[in-house]
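Visitor: Okay, here's the structure, questions in a sec.
The values are calculated or read from the model by the stated rules, or taken from the named source; none is laboratory data. If you're wondering where the values come from, they're calculated on a predicted model, not measured in any experiment. Methodologically, a virtual Cβ is constructed for each residue, glycine included, from the backbone with ideal geometry; neighbour enumeration extends over all protein chains shown. Areas reflect the complete protein model, heavy atoms only, side chains present, ligands, DNA and RNA absent. Shrake-Rupley method; radii C 1.70, N 1.55, O 1.52, S 1.80 Å.
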Amino acid sequence: MTTQEVRLCGLLLREHFGEVVEKVGTHLLRSGAQNLRTIIHETGISLDLLKKSLCVLVQHGVCVFRSGRRGPGAPTEYLTSCDQILRILRYPRYIYTAKTLYGDTGELIIEELLQRGEMTMSSTVKTVANRLTQNMEDGRSMDYSEVSSAFCKLVETHFLQRCPPRVGAGKAATPATCKTPAPPASTTLPTPESFPECYSVPQVTLRGHGKRRLSNEDGEEQGNAKKAKMDSETHGDEGIYWQVNFERFHLHFRDQAVISAVANKMDQTSSEIVRTMLRMSEVTTSPTATCTKPLSANEIFRSLPSSYNIARPILDQYLTLLVDDPMEFVGKAGESGGGMFVVNLHRALANLARATLESVVQERFGSRSARIFRLLLRKRHLEQKQVEDFAMIPAKEAKDMLYTLLSQNLVQLQEIPKTPDFAPSRTFYLYTVNQLPTARMLLQSCYKTVANLIERRLFETKESKRLLEKSQRIEAILASLQASGAEPEQLTEVEEMITAPERQQLETLRLHINKLDSAENQVDETIFLLESYINSTVTS
């Protein structure tokens, strides 16, 4: 774990959970597993605040707890995971993906679970139905059965999974409460996939439709009474909590990156063939596999969407083109069934990471440096004279570019002596590019970039805090007046409480914030690509 990762994790925790949770989380990241007494002694946080902070971290899957390392009876230790915290950066992408695949209902289900960490199915369905009803026209409401159907689809496709039980066998799993997390039953930490009912949906008795939120005080008291009554009802899923399956989303992102790369390199039909192959092998392929299970050309032909009117000979030609392509996204594994084909997932990620590295070199150092970088990636080891000849760049310029890339650790220099004394006149000096270490270095630069973007956004917001609060108050007043049927003159009078310079300042601030948010999302795409390539290389 590097300094940049800890800094980014601290900023994400502060933005989403506050400064106290940030202090606890970053302390555990730096110190490793610690018990309650040690954390209090080293951070100076009160016991009550520390318990609440740990509960928040446990609730969102960022912190795990286990029996002490000193044996039975030792105090429970708490441990945070940097990878789990960094997933917070990808929350907007998870929500947008759910909206693309399952519409507004799927979007709100994922959003609620990300905000609360874990929820029961009945509670999620009610909350989402109420939110959807609130945005509908008067007289219309969202039925619980529609939301339940979307929830079940998300579970069937493994985008949602049950939380692993946190208590001993024979007792139902319960979420962390604000008192203190329950002690674990054993030293082994259960994973969702470690028990068979991970993706089985319980029988939930939910009838009715979403309710609108009442605005007046009497209505609010009445709503609170109804809510208390509803909370006391049983629906058959008590103690069964659900969470977002981040690994399934990551597999979807990986597949989309491969499909997009094929579409850019070849055409839309080729990408649809690869999409079909990935969809067919979703269930049978392990998340850490370097390639998908072999699929015959006959199976691929039958599984293609009906909208693509591709004849069998044309499909064979496309598959041959994909196999012969230098990027090696698709490989041939046999001749039976018209040919057996696989998608080379590791090779695809390596090529995407390589293209990312080349793009970074070109943007930072120019097209000629990128030419040298690509040449070294392809030829592996070259002397300076060979680089000059192959790249067709004058000796002085090639030397300057190589030394610049060497100073940035994008290129490495390897010495191969002819004699044991390492005399310069009898030593070969070969330039090379090690893709994996270079990708790791670029990943750390991306972490630093995202942390800088978040800090800048927080600074911009803090500088204009008074103006933003004023704008929110006026918007709330306008919404209240519109709901009560106020006259246009009243609305205009309230709107004029913000002066023209303030409006311009607000517009400029929103533009800057949107640019920073967009930049964060774009850098996160690069982070995901590099992380996927590094993890794939390590596992393979």
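Visitor: Suppose we keep only residues that are out of contact with any strand residue (DSSP E or B) (no Cβ under 8 Å at 6 or more places or on another chain) and in contact (Cβ under 8 Å) with a residue 40 or more places away in the chain within region 18-55. Which one would you say is most open to solvent (accessible area, probe 1.4 Å)?
Guide: Checking each candidate, the answer is K52.
Visitor: Can you find even one residue in region 244-253 that is aliphatic (A, V, I, L, M), at pLDDT 90 or above and in contact with a strand residue (DSSP E or B) (Cβ under 8 Å, 6 or more places away or on another chain)?
Guide: Yes, that holds for at least one residue.
Visitor: All but one of (1) under 28 Å from L36 (Cα atoms); (2) open to solvent by 30 Å² or more (accessible area, probe 1.4 Å); (3) touching a strand residue (DSSP E or B) at 6+ places or on another chain (Cβ under 8 Å) hold for D143; state the number of the condition that does not hold.
Guide: Every condition holds for D143 apart from (1).
Visitor: If you don't mind, another one. State which residue is modelled with the highest pLDDT when the search covers only region 422-440 and only residues that are small (G, A, S) and open to solvent by less than 60 Å² (accessible area, probe 1.4 Å).
Guide: The selected residue is A439.
Visitor: So how many residues does region 381-406 have that are among the hydroxyl-bearing types (S, T, Y), within 15 Å of A370 (Cβ to Cβ) and open to solvent by 80 Å² or more (accessible area, probe 1.4 Å)?
Guide: 0
Visitor: Right, another one. Would you confirm whether any residue within region 295-303 is on the phi > 0 side of the Ramachandran plot and without any contact (Cβ under 8 Å) to a residue 24 or more places away in the chain?
Guide: Within region 295-303 (the criterion being on the phi > 0 side of the Ramachandran plot and without any contact (Cβ under 8 Å) to a residue 24 or more places away in the chain), the answer is no, since none of the residues qualifies.
Visitor: OK, next. Among the residues of region 68-85, are any among the acidic types (D, E), open to solvent by 20 Å² or more (accessible area, probe 1.4 Å), under 23 Å from V523 (Cβ atoms) and in contact with a Leu (Cβ under 6 Å, 6 or more places away or on another chain)?
Guide: no
Visitor: Something else about it: Residue by residue through region 339-348, note down the ones that are part of a helix (DSSP H, G or I) and open to solvent by 10 Å² or more (accessible area, probe 1.4 Å).
Guide: The answer is H346, R347.
Residue by residue, here is whether (1) part of a loop (DSSP other than H, G, I, E, B); (2) open to solvent by 90 Å² or more (accessible area, probe 1.4 Å) holds:
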site: L442; (1), (2): no, no
site: Y447; (1), (2): no, no
site: L453; (1), (2): no, no
site: L458; (1), (2): no, no
site: Q482; (1), (2): no, yes
site: M497; (1), (2): yes, yes
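Visitor: Determine if region 123-131 includes at least one residue that is surrounded by fewer than 20 Cβ atoms within 10 Å (Cβ to Cβ), of a type in the set (K, R) and in contact (Cβ under 8 Å) with a residue 24 or more places away in the chain.
Guide: Yes: one or more hits.
Visitor: Next question, about the same structure. So, T537, is that one in a helix (DSSP H, G or I), surrounded by fewer than 16 Cβ atoms within 10 Å (Cβ to Cβ), hydroxyl-bearing (S, T, Y) and in contact with a helix residue (DSSP H, G or I) (Cβ under 9 Å, 6 or more places away or on another chain) or not?
Guide: Here the answer is no, as T537 does not meet what is asked.
Visitor: Next question. Looking at E383, E328, E363, which is the one that is without any contact (Cβ under 8 Å) to a residue 60 or more places away in the chain, over 26 Å from F301 (Cβ atoms) and either in contact with a Gly (Cβ under 6 Å, 6 or more places away or on another chain) or not assigned by the TED database to the domain that holds E397 (or both)?
Guide: Exactly one of E383, E328, E363 is without any contact (Cβ under 8 Å) to a residue 60 or more places away in the chain, over 26 Å from F301 (Cβ atoms) and either in contact with a Gly (Cβ under 6 Å, 6 or more places away or on another chain) or not assigned by the TED database to the domain that holds E397 (or both), namely E363.
Visitor: Among the candidates V330, V323, which residue alone is buried (at least 19 other Cβ atoms within 10 Å of the Cβ) and either at pLDDT 90 or above or out of contact with any Ser or Thr (no Cβ under 7 Å at 6 or more places or on another chain) (or both)?
Guide: V330
Visitor: Right, something else. Of the numbered conditions (1) surrounded by fewer than 16 Cβ atoms within 10 Å (Cβ to Cβ); (2) outside the structural domain of K23 (by the TED database); (3) closer than 28 Å to R30 by Cβ, Y96 fails exactly one; give the number of that condition.
Guide: Condition (3) is where Y96 drops out.
Visitor: Mind listing just one residue for me: the one in region 99-119 that is small (G, A, S) and open to solvent by 10 Å² or more (accessible area, probe 1.4 Å) and, of those, nearest to L57 (Cα to Cα)?
Guide: G117
Visitor: Can you pull out the helices (runs of 4 or more DSSP H) entirely within region 1-102 that have at least 2 residues that are closer than 30 Å to D255 by Cβ and not aliphatic (A, V, I, L, M)?
Guide: Where helices (runs of 4 or more DSSP H) fall fully within region 1-102 and carry at least 2 residues being closer than 30 Å to D255 by Cβ and not aliphatic (A, V, I, L, M), they are 3-17, 82-86.
Visitor: Let me ask something additional. Only one of S296, S306 is closer than 26 Å to F159 by Cβ and among the polar types (S, T, N, Q); which?
Guide: The unique qualifying residue is S306.
Visitor: When you go through E299, E272 one by one, which is the residue that is out of contact with any Gly (no Cβ under 8 Å at 6 or more places or on another chain), buried (at least 16 other Cβ atoms within 10 Å of the Cβ) and outside the structural domain of E531 (by the TED database)?
Guide: Exactly one of E299, E272 is out of contact with any Gly (no Cβ under 8 Å at 6 or more places or on another chain), buried (at least 16 other Cβ atoms within 10 Å of the Cβ) and outside the structural domain of E531 (by the TED database), namely E272.
Visitor: Another one. Within region 499-516, restricting attention to residues that are open to solvent by 60 Å² or more (accessible area, probe 1.4 Å) and either touching a Cys at 6+ places or on another chain (Cβ under 9 Å) or in contact (Cβ under 8 Å) with a residue 12 or more places away in the chain (or both), which residue is farthest from E15 (Cα to Cα)?
Guide: The qualifying residue farthest from E15 (Cα to Cα) is Q505.
Visitor: Tell me whether region 407-421 contains one or more residues that are outside any loop (DSSP other than H, G, I, E, B), polar (S, T, N, Q), in contact (Cβ under 8 Å) with a residue 12 or more places away in the chain and exposed (fewer than 14 other Cβ atoms within 10 Å of the Cβ).
Guide: For region 407-421, residues outside any loop (DSSP other than H, G, I, E, B), polar (S, T, N, Q), in contact (Cβ under 8 Å) with a residue 12 or more places away in the chain and exposed (fewer than 14 other Cβ atoms within 10 Å of the Cβ): present.
Visitor: Taking region 364-392 as the region of interest, how many residues are over 23 Å from V258 (Cβ atoms), under 30 Å from the mean Cα position of the chain (by Cα) and charged (D, E, K, R)?
Guide: 1
Visitor: When you go through (1) under 30 Å from Q256 (Cα atoms); (2) surrounded by 12 or more Cβ atoms within 10 Å (Cβ to Cβ) one by one for L467, which number turns out not to apply?
Guide: (1)
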